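Notes follow the structure.
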Amino acid sequence: MPFTARSSSPSSFLPSGSLLERGIGSDFCINILLTILGYIPGIIHALYIILKF
């Protein structure tokens, strides 16, 4: 996977990866919640959204 803005955004601000891929919706809200609850679950969810879509 080449290093692009889409692949680097989850590490800089986790919800931005979901926001760029899916817009403001349920995935974005879930990612914000996971980021608040713990950093690692937010990373996993953001990468899942980016790699799946």
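Here are the numbers:
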item: Search result, residues across region 34-53 that are crowded, with 18+ Cβ neighbours inside 10 Å and in contact (Cβ under 8 Å) with a residue 24 or more places away in the chain; result: Gly42, His45, Ala46, Ile49, Ile50
item: Residue match in region 11-18 (condition: aliphatic (A, V, I, L, M) and either at pLDDT 80 or above or not in a helix (DSSP H, G or I) (or both)); result: no
item: Matching entry among Ile49, Ile36, Ile24, Ile32 (being outside any loop (DSSP other than H, G, I, E, B), β-branched (Val, Ile, Thr), at pLDDT 65 or above and over 11 Å from the mean Cα position of the chain (by Cα)); result: Ile36
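The values are calculated or read from the model by the stated rules, or taken from the named source; none is laboratory data. Just so we're clear, the structure is a prediction, and the values are computed from it rather than from any experiment. So basically every Cβ, Gly included, is an ideal-geometry build from the backbone, and we count neighbours across all protein chains shown.
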